[in-house]
Structure formats: structure tokens, C-alpha cells
1. Quick check, is residue 87 in contact with a Ser or Thr (Cβ under 9 Å, 6 or more places away or on another chain) and either farther than 17 Å from residue 147 by Cα or surrounded by fewer than 12 Cβ atoms within 10 Å (Cβ to Cβ) (or both)?
2. Could you check how many residues of region 7-21 are under 22 Å from residue 155 (Cα atoms) and outside any helix (DSSP H, G or I)?
3. With respect to residue 103, determine if the residue is modelled with pLDDT of 95 or more and surrounded by 15 or more Cβ atoms within 10 Å (Cβ to Cβ).
4. With respect to residue 77, determine if the residue is β-branched (Val, Ile, Thr) and in contact with a Lys or Arg (Cβ under 8 Å, 6 or more places away or on another chain).
5. Hey, can you tell me all the residues within region 83-99 that are touching a helix residue (DSSP H, G or I) at 6+ places or on another chain (Cβ under 7 Å) and either within 18 Å of residue 61 (Cβ to Cβ) or without any contact (Cβ under 8 Å) to a residue 40 or more places away in the chain (or both)?
6. From 27, 57, which residue is without any contact (Cβ under 8 Å) to a residue 40 or more places away in the chain and touching a Lys or Arg at 6+ places or on another chain (Cβ under 6 Å)?
7. Is there a residue in region 56-74 that is modelled with pLDDT under 90 and of a type outside the set (Asp, Glu)?
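The values are calculated or read from the model by the stated rules, or taken from the named source; none is laboratory data. All of these numbers come straight from a predicted model, not from anything done at the bench. Reconstructed Cβ throughout: ideal geometry from the backbone, glycine too, with neighbour counts over all protein chains shown.
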Amino acid sequence: MELTDEIYDEIFKSPDDWLYTAEQHLISAKYLDNRLKEIILKGRDILYENEEEFMAIQKSCLFLCGISLENAIKGLIISKNPKFKSYKELKLFGWNTNHDIIKMFSTNKVLVDSDFINRIQGYLQWAGRYSLPFKKEDFNNLKKEYYTNDIDKTENLIDTIKTQIENK
């Protein structure tokens, strides 16, 4: 099946499709989160024994939380301007392609825990994908930490966005 321009535009302009993708990434993040919690519950000795696995899963889990939130907030942006003709119009609502979810959340007045969103954005922009960012300061400023409530915070934000979209 070939994707026509018409179908592409329909999918792209559908806040529900953006939310669906956000929820798919969240499902994957939850699997990883469960493994992180298993390792933590087994105690400090097992954590040190599985440190490499833990760090790899942590990066992937937090990266997926970021992708999930980015898709959700982009769904909200589209819901606010469903008849947009160009990306320039979406930029007025904070849309960007450099994964700046902090800007997208603040532009759309979605309240977030600033420590959480800063940390997740760091994983989304570079820590979940690369060894180092382009700027040394970005490396030094990122808290490379995992909290057992990261998935809950991600899910709560997605639910908040979903409610805003449904109330449009």
C-alpha cells in the first residue's frame, strides 16, 4: 500500500495518531522500567553485578519517555491548530524538530516538574542516543538519574495532554 499525500496529511494532522504513538512508546518504556525495578529490588550486590545492563536499560527507558512526551505534546499542538497549512504556523505553538519538549510544554501552558522534564529532555536530545552532547555544559548539567516514578510522571503528563485534546 502506497501512502498518498491525502492519507499522510490525515494521519499527520490527527492528534489521536500522535497520542497513539506516544502510548506505544510508553508501553515499551514500561517494560524497561519493570526490569530496572527488578534489578533494584534484588539489592545493591545485584545492581553492581548488572550495572552495565542497568545503565543501558535506563538510557533506553528515559529516551522512550522523552519520545512519548514529545509525540503527546505535538498531538496537543496539532489539536490547537488542526487546519494548519505550514510548519511555520505550528511553530507559533512551540513545535520544533530539535526535541525541545521544555519549550513545547511551556508554550502550551502544560505544567510540568522542571527537574523531571529537564532530565527527560536531556535523554531525548542526546543521553539516550549518544555518548556526549555537542556542548560540554549539557553533559555537566544533566542529572543521569533514574527514579522509580519516572514512568508514572510520564503517564500522568500524557493523560493531562489527552484530556486537553479531548476537551478541544
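1. Details: in contact with a Ser or Thr (Cβ under 9 Å, 6 or more places away or on another chain): yes; either farther than 17 Å from residue 147 by Cα or surrounded by fewer than 12 Cβ atoms within 10 Å (Cβ to Cβ) (or both): yes.
So residue 87 fits the description; yes.
2. Within region 7-21, the first condition is being under 22 Å from residue 155 (Cα atoms), and the residues that meet it are 14-21.
Next, only the ones that are outside any helix (DSSP H, G or I) stay: 14.
So the count comes out to 1.
3. no
4. Details: β-branched (Val, Ile, Thr): yes; in contact with a Lys or Arg (Cβ under 8 Å, 6 or more places away or on another chain): no.
No; evaluated as a whole, the condition is false for this residue.
5. Across region 83-99, the qualifying residues are 90, 93, 94, 95, 96, 99.
6. Working: 27 fails: touching a Lys or Arg at 6+ places or on another chain (Cβ under 6 Å).
Just a single option satisfies the conditions, and that option is 57.
7. First pass over region 56-74, keeping only residues modelled with pLDDT under 90: none.
No, region 56-74 contains no residue that is modelled with pLDDT under 90 and of a type outside the set (Asp, Glu).
Quick grid of which residues meet (1) in contact with a Gly (Cβ under 8 Å, 6 or more places away or on another chain); (2) loosely packed, with under 12 Cβ neighbours inside 10 Å:
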| residue | (1), (2) |
| --- | --- |
| 4 | no, yes |
| 8 | no, yes |
| 17 | yes, no |
| 20 | no, no |
| 27 | no, yes |
| 52 | no, yes |
| 70 | no, no |
